[in-house]
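S.K.: Dumping the structure here so I can ask a few things about it.
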Amino acid sequence: MQTFLMKIIFPSLWIPLFGFGAITMLFIPSGGKFPMIFPLLIWIVVSFFIYWTCIRLKAVSVDENFLYVSNYHKEISIPLSQIYDVTENLWINIHPVTIHLKTPSEFGEKIVFMPTLRYFAWFQSHPIVDELKTLAAAKQFLR
């Protein structure tokens, strides 16, 4: 549910609403105090950041053999043996986790997902990172 909110709901509300506000500000006389192009530039930069952090997220689940990845239109299964590495970005509040694959899947060489939200876990790695690394290593060893 959290991934759906961050991937679909948040961007579809924020980008058009703040875009409308930024474009509207272009038509308000500023009186020379504040350049009205500034809100538009902020909207463009923040919209790009939202795309980079939210829209590319995938829903991910795992069992003992496969990683199941969905973009809410299509779901694919990826053998755990295809996982090359698992990394996490601790600097972004949703702590996006990136699964690096040995060979590209239908969603590319990297799968980015939002792990379960943990409150008050700033700058601490999410346990799912180690779990996925352990599962992938076990599948490598068995091959």
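The values are calculated or read from the model by the stated rules, or taken from the named source; none is laboratory data. Owing to the predicted nature of the structure, the values given are computational and were not obtained by experimental measurement. Here the Cβ positions follow ideal geometry from the backbone for every residue, glycine too, while neighbour counts run over all protein chains shown. Ligands, DNA and RNA are stripped out before the accessible areas are found, and what is left, the full protein with its side chains, is counted by its heavy atoms. Shrake-Rupley method; radii C 1.70, N 1.55, O 1.52, S 1.80 Å.
S.K.: On the given criteria, is W43 in contact with a Phe, Trp or Tyr (Cβ under 8 Å, 6 or more places away or on another chain), among the aromatic types (F, W, Y) and free of Cβ contacts under 8 Å to residues at least 60 places away in the same chain?
M.R.: Spelling it out, W43 is indeed in contact with a Phe, Trp or Tyr (Cβ under 8 Å, 6 or more places away or on another chain), among the aromatic types (F, W, Y) and free of Cβ contacts under 8 Å to residues at least 60 places away in the same chain.
S.K.: Just one of I50, I94, I111, I78 is surrounded by 14 or more Cβ atoms within 10 Å (Cβ to Cβ), in a loop (DSSP other than H, G, I, E, B) and of a type in the set (V, I, T); which is it?
M.R.: Only one candidate qualifies: I94.
S.K.: Could you list, in sequence order, all residues of segment 97-108 that are of a type outside the set (S, T, Y) and open to solvent by 20 Å² or more (accessible area, probe 1.4 Å)?
M.R.: The answer is H100, K102, P104, E106, F107, G108.
S.K.: Further, regarding this structure: When segment 53-64 is examined, which residues are found to be surrounded by fewer than 15 Cβ atoms within 10 Å (Cβ to Cβ) and within 19 Å of E109 (Cα to Cα)?
M.R.: S61
S.K.: Working only within segment 131-141, note down all residues that are among the hydrophobic types (A, V, I, L, M, F, W, C), open to solvent by 40 Å² or more (accessible area, probe 1.4 Å) and under 11 Å from L80 (Cα atoms).
M.R.: L135, A137, A138
S.K.: Still on this structure: Of the residues in segment 118-130, how many are surrounded by 13 or more Cβ atoms within 10 Å (Cβ to Cβ) and closer than 18 Å to V62 by Cα?
M.R.: The total comes to 3.
S.K.: In segment 1-43, which residues are within 30 Å of E106 (Cβ to Cβ), open to solvent by 90 Å² or more (accessible area, probe 1.4 Å) and modelled with pLDDT of 90 or more?
M.R.: L13, the sole residue that qualifies.
S.K.: Against the definition (at pLDDT 95 or above, out of contact with any Phe, Trp or Tyr (no Cβ under 9 Å at 6 or more places or on another chain) and either of a type outside the set (D, E, K, R) or open to solvent by 60 Å² or more (accessible area, probe 1.4 Å) (or both)), how does Y84 come out, yes or no?
M.R.: no
S.K.: Select, from F20, F10, the only residue that is out of contact with any Asp or Glu (no Cβ under 8 Å at 6 or more places or on another chain), aromatic (F, W, Y), more than 30 Å from I83 (Cα to Cα) and part of a helix (DSSP H, G or I).
M.R.: None of the other options fit; the residue is F20.
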